[in-house]
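The values are calculated or read from the model by the stated rules, or taken from the named source; none is laboratory data. Computed from a prediction, not measured in an experiment: that's the story for all the values here. A quick note on method: Cβ atoms are made from the backbone with ideal geometry, for glycine too, and the neighbour counts reach across all protein chains shown. The accessibility values were calculated without ligands, DNA or RNA, using every heavy atom of the protein model including side chains. Shrake-Rupley method; radii C 1.70, N 1.55, O 1.52, S 1.80 Å.
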2 protein chains.
Amino acid sequence: MDKTIPVKTYISETEAPQYWYNLRADMKEKHPPFIHPGELRPCVAEDLYPIFCKELVKQELNQTDQLIPIPDGIQQFYKMFRPSPLIRAYSLEKALGTPAAIYYKFEGNNTSGSHKLNSAATQAYYAKQEGITSLATETGAGQWGTALAMACDYYDIDLTVYMVKVSSEQKPYRKIVMETYAAKVIPSPSPTTESGRKILALDPNTGGSLGCAISEAIEKAVTTENCRYVLGSVLDHVLLHQSVVGLEAKTALDKYGITPDVIIGCAGGGSNLGGLIAPYMGGRLQGKNNIQFIAVEPQSCPSFTRGKYTYDFGDTAKTTPLMKMYTLGNGFIPSANHAGGLRYHGMSPILSKLYNDGYLEARAYSQTDVFDAAKLFIKTEGILPAPESTHALKAAIDIARECTKTGEKKTILFGLTGTGYFDLMAYAQHNNGTLSDKVPTDEELQAGFDSIPNLPAKFSD
Amino acid sequence: MDKTIPVKTYISETEAPQYWYNLRADMKEKHPPFIHPGELRPCVAEDLYPIFCKELVKQELNQTDQLIPIPDGIQQFYKMFRPSPLIRAYSLEKALGTPAAIYYKFEGNNTSGSHKLNSAATQAYYAKQEGITSLATETGAGQWGTALAMACDYYDIDLTVYMVKVSSEQKPYRKIVMETYAAKVIPSPSPTTESGRKILALDPNTGGSLGCAISEAIEKAVTTENCRYVLGSVLDHVLLHQSVVGLEAKTALDKYGITPDVIIGCAGGGSNLGGLIAPYMGGRLQGKNNIQFIAVEPQSCPSFTRGKYTYDFGDTAKTTPLMKMYTLGNGFIPSANHAGGLRYHGMSPILSKLYNDGYLEARAYSQTDVFDAAKLFIKTEGILPAPESTHALKAAIDIARECTKTGEKKTILFGLTGTGYFDLMAYAQHNNGTLSDKVPTDEELQAGFDSIPNLPAKFSD
């Protein structure tokens, strides 16, 4: 064991980031703008104000400022659960017999159990500042909903959470924890909204999807006075908030003079990966490093590895602005997969652009393979990871095992985004060998692609 | 907000304790020895070897060495989850409008969700060193069982956990998490042991108790080759291991020149409280401070506040050595109370002696009152506490509120022993107003006292 580097590195509160890192400022080519679905023109701020808080709209459209100050009030909230530890996986390395050095940034040490609280705290703060009295959102695995419930309880804001039905059934405790933080939780699709009723009419037994829950939450926000919608991933401003993860990791590693060779994150909507890589990818775009960046997704919802890079809606009801992204089609509904947070049909426009331009790689794994990796991690490192996080973990283990063969001393950094305390039914299924490895057939993918809108040729460059 | 003290203080790994603090060395009067139940004489090491690992027996009987070295191997394991944060509760203080300064030592940031891992890691380590191949234990709320499952998985030791039946039914996820760490979990009382069958014959519908689960685990240990029993609380060596909690807290507070006025912990078997107060109580016994120490227990299982200080068995089947302690009687079975970890009929002999001698105070609270306190904590500090921990929290809040009235600027330190992620049914009941506040009647207490053995007069000094 390398005695010079501790198992856990916590930067001090005075070293904590005072700015978010806006990766877009470093991108010579930005991702294409949102398109207004009715008028087929680039969106402007005014289009988004009815849906989002104003400050968040400003952040969403800011492609030029590399550093954006974190208000004092948010820094105070962050101190409740940040800085998070950067952990050297000595025990895992030993079990793998690898010459690689494995680090992970662990975001699970807060009640929501994940990195989601970074953006939830921020979005609730701005809502409070702008006099918003209620918020609506969707949640898949429940991490985002829990995070936002915590933030809204802290700021005394009413919250309604539309929870993907299959997740709400698999994770009853998630509902209770959100309710304990005073949120109202509604399984989606629900009869409480127009878009929910439409989806139920088509298939009363649907397990729901994030795209569908988003439709319900947006409808709730725009039809309720002084209410706004908040999203926990995908959008540029959410990736911006998550940059605290990467900034803290970089501050810690810089202390030891270490730059990773590989950085790995799981990718559902892309916020954790986008946040983890932000300052490092910024450096790569400036020619300062040559880091390998890897996005990992489930084979059951393979947006990067089997999706198309095209304009699509963010939701099933086709109400959001059109975003150019890797997508399986807004109508794609993944099989009931326990890695709930990675069930989204689309992908962050920033990450989509980076992937398309060759700066980011992607891998897809089966559920059994990622849970096998989780079991080794549980035994050696103690932490029981969220099913989402296990995807990044699996890739890290694979690369470390390659190093065992080649003798390469790679430095690997991966994002351990959260804990799996509320995902235990998935672990129970893995324990007894009944975990599903279903992946979409070509026909199922085609059905998803068929839901992508046909835009005029000028939008398909 | 006092800017000079951060919200969270983590001591560094190099500052971490290298010795456990053996509080008994500072006690001028030691607690009376264990009594061999068959031969009515003080126990010697040889009496305990069939049950416990040798090194633990040595620690149990060591009343003279104040500092006992923590082996390197255990220090390495501790680094997986320690040091734990010392947190200044600025947000809670603000909500209370109190001039008091509230600190809490938070032990919940590990998968077992509590301080129990401190002793589990230690006991599994010694078992491995001594060539033991399997361990047996009991668990109430499930925190101890999970902690030991983690430690045994790490050291490749087989583990059987007898889980109090009422807890196993209320907390199915606990069972899964232990099984994920490769443990075998059996609801107690069970038909797999002689003592379990006896208890079931008396009442097939019993919810079980810690005392009864202990009987089963000991029976398993002494009837299985190369197997030993491990206990997660009550015993002196367990309190010794938990002293890392108090030592870390003291190291952190000493940096700021702070000595608490009041130290508070919840008390079931007493290990977390005994560990938290160890170095401070040692100082008090040496005349170096005048700290107020408070044990908090549930009204449903009031060992200190309504129990008797006398020799009693540690288990329901009357198989353990007799310990002089505050007890409700080994036959006492508390009502199905969600604060599972505080359901034990007895109390640490060390804490019992300190309480009897006036160094330690005790308070008992109703379940609704502690969950009300938890709700304020959840909202302000974000963390969702374990039902056990909420008892200490409630006392801290009460004292801080007194300070609001009197203007006293007391410094309060309490132990936030764990998280309530697996106790959400209790929170759900609190959310919907169906939580039970049942406390034992005088008749029920008397029935418990009737189970206490009558010893010769020489043991009742």
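General observations
- Placing a label point 7 Å from the Cα of B:Asp437 along the Cα-to-Cβ direction, the residues of the range B:387-401 whose backbone N falls under 17 Å of that point are B:391, B:394-395, B:398.
- Sparse-neighbourhood loop sites, GluC sites (Glu not before Pro) in the range A:212-277 - DSSP loop, at most 10 other Cβ within 10 angstrom: A:Glu225
- Local electrostatic count at A:Ser451 - Lys and Arg +1, Asp and Glu -1, tallied over other residues with Cβ under 9 Å: -1
- Net charge of Cβ neighbours under 14 Å - reference A:Leu61; Lys, Arg +1; Asp, Glu -1: -2
- Global dimensions of the range B:34-73 from alpha-carbon coordinates: Rg and Dmax equal 12.3, 39 Å.
- Sites listed here are GluC sites (Glu not before Pro) in the range B:68-134 whose DSSP assignment is loop and whose Cβ has at most 13 other Cβ atoms within 10 Å: B:Glu130.
- Taking only the Cα atoms of the range B:380-461, the ratio Rg/Rh comes out at 1.15, with Rh defined as the Kirkwood radius.
- Cα gyration tensor shape of the range A:143-264, rounded if a/c is under 1.5, else prolate or oblate by comparing a/b with b/c: prolate
- Label-to-label distance, nm, for residues given as B:Lys458 and A:Tyr256 (7 Å Cα→Cβ offset): 6.1
- For B:Glu194, the distances from its label point to the matching points in the remaining copies are 7.5 nm, ordered from shortest, with each point set 7 Å beyond Cα toward Cβ.
- Theoretical FRET efficiency, 1/(1+(r/R0)^6), r = Cβ-Cβ of A:Glu13 and B:Tyr19, R0 30 Å, to 0.05: 0.55
- More than 34 angstrom apart: percent of Cα pairs within chain A: 26
- Rg/Rg_ref, the range A:1-159, where Rg_ref = 2.2 N^0.38 Å and atoms are Cα: 1.27
- Here is the interface size for B with A: some 3800 Å² of accessible area buried, both sides summed, with a 1.4 Å probe.
- Comparing each chain alone with all protein chains together (probe 1.4 Å, DNA, RNA and ligands left out), the residues of the range A:93-131 losing at least 50 Å² of accessible area are A:Asn109, A:Thr111.
- FRET E, pair B:Thr206, A:Gln76, Förster distance 35 Å, beta-carbon r, rounded to 0.05: 0.10
- Using a cutoff of 8 angstrom between alpha carbon atoms and counting only pairs six or more residues apart, the relative contact order for chain A works out to 19 percent.
- Applying a DSSP loop filter and a limit of 12 other Cβ atoms within 10 Å to the trypsin sites (Lys or Arg not before Pro) in the range B:204-305 leaves B:Lys288.
- With DNA, RNA and ligands ignored, accessible area of A:Thr327 (1.4 Å probe; Å², nearest 10): 0
- Net charge of neighbours whose Cβ lies under 13 Å from the Cβ of B:Lys375, counting Lys and Arg as +1 and Asp and Glu as -1: -3
- For A:Met150, solvent-accessible area (1.4 Å; no DNA, RNA or ligand), Å²: 10
- Theoretical FRET efficiency, 1/(1+(r/R0)^6), r = Cβ-Cβ of B:Asn289 and B:Leu67, R0 22 Å, to 0.05: 0.75
- The distance between label points at A:Arg401 and B:Lys54 comes to 4.1 nm (points 7 Å beyond Cα on the Cα→Cβ vector).
- Here is how far apart the A:Thr4 label points are across copies: 3.6 nm, shortest first, using a point 7 Å from Cα toward Cβ.
- The share of alpha-carbon pairs in the range B:300-374 lying farther apart than 20 Å comes to 33%.
- Taking all Cα pairs closer than 8 Å and separated by 6 or more residues, the relative contact order of the range A:283-398 comes to 28 percent.
- Exposure of B:Ile214 as accessible area (Å², to 10), given a probe of 1.4 Å and all protein chains: 10
- Accessible-area composition of chain B, carbon plus sulfur, in percent [1.4 Å probe]: 50
- Dimensions of the range B:5-56 from C-alpha coordinates, computed as largest minus smallest value along each principal axis and given longest first, are 56, 27, 18 Å.
- Per-q log10 I(q)/I(0), the protein assembly as shown, q = 0.05, 0.06, 0.08, 0.09 Å⁻¹ (Debye; single scatterer per alpha-carbon; no solvent): -0.28, -0.40, -0.71, -0.89
- Helical mean residue ellipticity (222 nm; -39500 (n - 2.57) per DSSP H run of 4+; nearest 500) of the protein assembly as shown: -12000 deg cm²/dmol
- Taking every protein chain into account, the accessible area of the range A:251-386 amounts to 25 square angstrom per residue (probe 1.4 Å).
- Gain in span if fully extended, A:Lys184 to A:Thr305, counting 0.36 nm per residue against the direct Cα distance: 40.0 nm
- Cα gyration tensor shape for the range A:299-443, rounded if a/c is under 1.5, else prolate or oblate: oblate
- Starting from the label point of B:Gly358 at 7 Å along Cα→Cβ, the same points in the other copies fall at 8.3 nm, in ascending order.
- Modelled label reach - A:Lys198, point 7 Å along Cα→Cβ, the range A:333-377 residues with backbone N closer than 19 Å: A:333-334, A:345-346
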